[in-house]
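K.L.:
Take a look at the following structure, please.
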Amino acid sequence: MRQTDPVLLLIEDDPADARLIQRAIEKVDIPAKVIHISDGDKAVAYLAGEGAYADRDQYPLPWLMMVDVKLPKRSGIEVLQWVRAQEGFISSTPVVMFSSSSHGVDINAAYHYGANSYLVKPESSHQLQSMLSLVKSYWFLVSQFPHHPDQRGKSAAN
Amino acid sequence: MELRVASEVGRFEDEGWRVRKDGSRFWANVVITAIRNKEGRLVGFGKITRDLTERRIAEQRYRMLVEGVKDYAIYSLDKDGTVTSWNAGAQRIKGYTADEIVGKHFSNFYTAEDAEAGMPARVLDTARKEGHFEGEGWRVRKDGSRFWSSVVVTPIHDDEGNVTGFSKVTRDITDRKKLMDDLQQHAHELEVQMAERERTNAELEAFSYSVSHDLRAPLRAIEGFASALEEDYGPQFDETAKDYLNQIRSASIRMSRLVQDLLAYGRLSRIELVMRQVDIQATLESVARESNVGASALIFEGDMYRKVIAHEPTLIQVFANLISNAFKFQKRGTKAIVVVRTEKAEEGLVRISVIDNGIGIAPQHREKIFKVFERLHGMDEFPGTGIGLAIVKRGVERMGGRVGVDSVPGHGSTFWVELPAAPEGQAS
């Protein structure tokens, strides 16, 4: 797979939530390949291209990350901190945090450590689709993604 | 005798009663001085007699005053700390009679530790240097028992300014000390309790946090997959299968509401409510707009300009529950008419009544309905979690108000809340 194709990295530990989110992403037709990672440590390994994730063709860097705040091992916030602390291009990756928690502490921590957005998981699948439709509109239709120095030269909208 | 003394030492002074010509007595100060010529031979005596009756009486009164004081130990020490006088208060407080203690050192009054540590000497030193010593501490009575004393020591000077002794005033303030100690102990216990409560609150907060996260996740999954089944495979289902799906979905929605309401109810008891002025009508209208009844469905009566002192998010919860109940508990086929009346109540409160034309509540149930999980109806008839009115009651009470219900079964109910009125003519 060419790295110029949009990739959405979904980091979510709850398999049911992951399935439902992936289904909703398909329903609203987000123009990106969705790669699902189930915990914080794996997410960091993926982003660092370590171990099983060394092959960048198979595991390309994401254009957008959706990160659950609560994750086993490294939490979503810790993944976010790791991303923002990197030297290279990864640190610019847009990160959308999402959680079933609407606690101020979580929300503030997410923005403090550089989240681009914070979404609360809706109660119903209908609301979930509405929300992801907005994610699609905002990130994939009207926003520009950071330009990768080598390969990535255009936004998903082009 | 007087003259012999005067001739031997050159001067004789004495005080005592003397008799006037008319027989009356006066207190005399007598000074006899030997008069000698140049050769030193005694040639006579000079005698000065002063009438000191007034001073004598004043001194006596003063001494009686001091000696008679019972609440204070007032006594004097010589410059080394030996007791030279003793009053009734001193005897009462310290237990020694004058005979027992005059001539003894005042370090007897100190605890062994303090005496050993040189406290008595330090007290006199401070009084000597600074002209004053004031302090509190344990002292020992004759019988060995201790009392907490407040002490003032003042040095006594002679005409040349040398310290000749000390006056000492001691009070027994054991009761006050005990009171202060009790207060301190009480304050400390309160602090401990507060810390404990804060810890419990933090634990409850953590608990509700994990409930809201962990309990709702499976609910989302149940609802989500039921919806997915219906959306993706709906055409293949017959009516029974669709009904089963609906049962799953509505159960999960109910459970989700239950969790939300329980969290709201629990949170109400713990969170700190920041009170401010809230406009009643504006709040009611926004609540009705947010719910599915619509803002225009409410009929307002009374002085709707009134504002109350309330915690706005809690007031919104209270109104939301009352309004949804007013529209929910209706006879089949009747159009709900809900009136909100605002009026002044007693004791600076405002009464807000939500009046419906619904099914009403039998008298025996009117207390019960404000308790958690008390439901009077089956789920088919009137769905609900049984927490709404408990939230209303706790919310209103935590805001310093009252809540109640009047009802005519079959004709409707009036739920009222009373909250502190905001001062009028003041901007919010």
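FYI, it's all coordinate maths here, none of it is from the lab. Because the structure is predicted, anything quoted here is derived from the model rather than measured. All Cβ positions, glycine included, derive from the backbone under ideal geometry; neighbour counts span all protein chains shown.
K.L.:
Looking at the stretch A:1-91, which GluC sites (Glu not before Pro) are DSSP coil and have at most 16 other C-beta atoms within 10 Å of their C-beta?
P.N.:
A:50, A:87
K.L.:
Would you mind finding the longest exposed-site-free stretch of chain B, with exposed GluC sites (Glu not before Pro) meaning DSSP loop and at most 14 other Cβ atoms within 10 Å?
P.N.:
Values: sites that count: B:39, B:160, B:272, B:346, B:347, B:367, B:374, B:381, B:424.
The longest uninterrupted stretch comes out as B:40-159.
K.L.:
Moving on to the next point. Please average, across the residues of B:217-227, the number of beta carbons from any other chain that are within 10 Å of each residue's own beta carbon, and give a whole number.
P.N.:
So the per-residue partner count for this stretch is 6.
K.L.:
If you don't mind, there's one more thing I want to ask. What is the packing order of peptides B:351-360, B:398-407, taking the mean over residues of other C-beta atoms within 10 Å and listing the highest first? Working shown, then result.
P.N.:
On the way: B:351-360: 21.8, B:398-407: 17.8.
Highest mean packing first, the order is B:351-360, B:398-407.
K.L.:
Checking the a/c ratio against 1.5 first, then a/b against b/c, what shape does the Cα gyration tensor give for the protein assembly as shown?
P.N.:
prolate
K.L.:
Next question. Between residue A:74 and residues 5 or more places away or on another chain, which pairs have amide H atoms under 5 Å apart, with H built 1.01 Å from N, and which residues are they?
P.N.:
Close amide H contacts, sequence-distant or interchain: A:40, A:41.
K.L.:
With angles folded into 0 to 90 degrees, how steeply does helix B:216-233 sit against the dominant principal axis of chain B? Use alpha carbons for both and round to 10.
P.N.:
Between helix and principal axis, roughly 10 degrees.
K.L.:
Using the Karplus equation 6.51 cos²θ - 1.76 cosθ + 1.60 (θ = phi - 60°), what ³J(HN,Hα) coupling, rounded to whole Hz, does each residue of the stretch A:8-24 give in order, writing x for Gly and Pro?
P.N.:
Coupling constants for the stretch A:8-24: 10, 9, 9, 10, 8, 8, 6, x, 5, 4, 4, 4, 5, 5, 4, 5, 5 Hz.
K.L.:
Give me the percent of DSSP beta bridges within the protein assembly as shown that run antiparallel, rounded to the nearest 5.
P.N.:
The answer is about 75 percent antiparallel.
K.L.:
Could I ask something else about it? With everything on Cα atoms, drop me the angle between helix B:388-398 and the longest principal axis of chain B, reported from 0 to 90° to the nearest 10.
P.N.:
Between the helix axis and the principal axis of chain B, the angle is about 20 degrees.
K.L.:
On to the next question. Within the set of other residues whose C-beta is less than 13 Å from the C-beta of residue A:73, count the net charge using Lys and Arg as +1 and Asp and Glu as -1.
P.N.:
-2
K.L.:
If I model a spin label at residue B:173 and residue A:57 as a point 7 Å from the Cα along the Cα→Cβ vector, what separation in nanometres do I get?
P.N.:
Here the modelled spin labels are 9.0 nm apart.
K.L.:
Could you tell me whether the stretch B:25-120 comes out rounded, prolate or oblate from its Cα gyration tensor? Rule is a ≥ b ≥ c as square roots of the eigenvalues, rounded for a/c under 1.5, then prolate if a/b exceeds b/c, otherwise oblate.
P.N.:
Values: a/c = 4.93, a/b = 1.94, b/c = 2.54.
It is oblate, given that a/c is not under 1.5 and a/b is not larger than b/c.
K.L.:
Dipole of the protein assembly as shown, Cα-centred, from +1 at each Lys and Arg C-beta and -1 at each Asp and Glu C-beta, to the nearest 20 debye?
P.N.:
Taking the Cα centre of the protein assembly as shown as origin, the dipole is about 1900 debye.
K.L.:
Another question, then. Using the alpha-carbon atoms, what tilt in degrees (0 to 90, nearest 10) does helix B:312-328 show relative to the longest principal axis of chain B?
P.N.:
On a 0 to 90 degree scale, this one is about 40.
K.L.:
Here is a follow-up. If you take the square roots of the eigenvalues of the alpha-carbon gyration tensor of the stretch A:34-158 and sort them as a ≥ b ≥ c, do you get rounded (a/c under 1.5), prolate (a/b over b/c) or oblate?
P.N.:
Oblate.
K.L.:
Where Lys and Arg each count +1 and Asp and Glu each count -1, what net charge lies around residue B:236 among other residues with Cβ under 14 Å from its Cβ?
P.N.:
For residues surrounding residue B:236, the net value is -4.
K.L.:
Okay, moving on. Between residue B:377 and residue B:78, what is the label-to-label distance in nm when each label sits 7 Å out along the Cα-to-Cβ direction?
P.N.:
Each label point is offset 7 Å from its Cα along the Cβ direction, giving 10.0 nm.
K.L.:
Exceeding 29 Å between C-alpha atoms, which entries from my cross-link table qualify? They are A:70/B:242; B:331/B:371; B:104/B:129; B:47/B:104; A:121/B:307.
P.N.:
Details: A:70/B:242 34 Å; B:331/B:371 24 Å; B:104/B:129 24 Å; B:47/B:104 39 Å; A:121/B:307 36 Å.
From the list (A:70/B:242; B:331/B:371; B:104/B:129; B:47/B:104; A:121/B:307), the Cα-Cα distance tops 29 Å for A:70/B:242; B:47/B:104; A:121/B:307.
K.L.:
Something else now. Picking from B:139, B:50, B:332, which is most flexible by a Gaussian network model of chain B using Cα springs under 10 Å?
P.N.:
Answer for the Gaussian network model of chain B: B:50.
K.L.:
Whole angstrom only: what separates the Cα centroid of the stretch A:95-137 from the Cα centroid of the stretch B:1-80?
P.N.:
102
K.L.:
Report the extension gain between residue B:367 and residue B:92 in nm, rounded to one decimal, defined as 0.36 nm multiplied by the number of residues separating them, less their alpha carbon distance.
P.N.:
The residue B:367-residue B:92 span can extend by a further 92.7 nm.
K.L.:
Place +1 on the Cβ of every Lys and Arg and -1 on the Cβ of every Asp and Glu in the protein assembly as shown, take the dipole about the Cα centre, and give the residue among B:162, A:21, B:386 whose Cα lies farthest towards its positive end.
P.N.:
With unit charges placed on the Cβ atoms, the residue in question is B:162.
K.L.:
For the stretch B:271-329 and the stretch B:144-173, what is the centre-to-centre distance using only Cα atoms, to the nearest Å?
P.N.:
Going from one Cα centre to the other spans 71 Å.
K.L.:
I've got another one for you. Roughly how big is the stretch B:133-218's charge dipole about its Cα centre, with Cβ charges of +1 (Lys, Arg) and -1 (Asp, Glu), in debye to the nearest 20?
P.N.:
340
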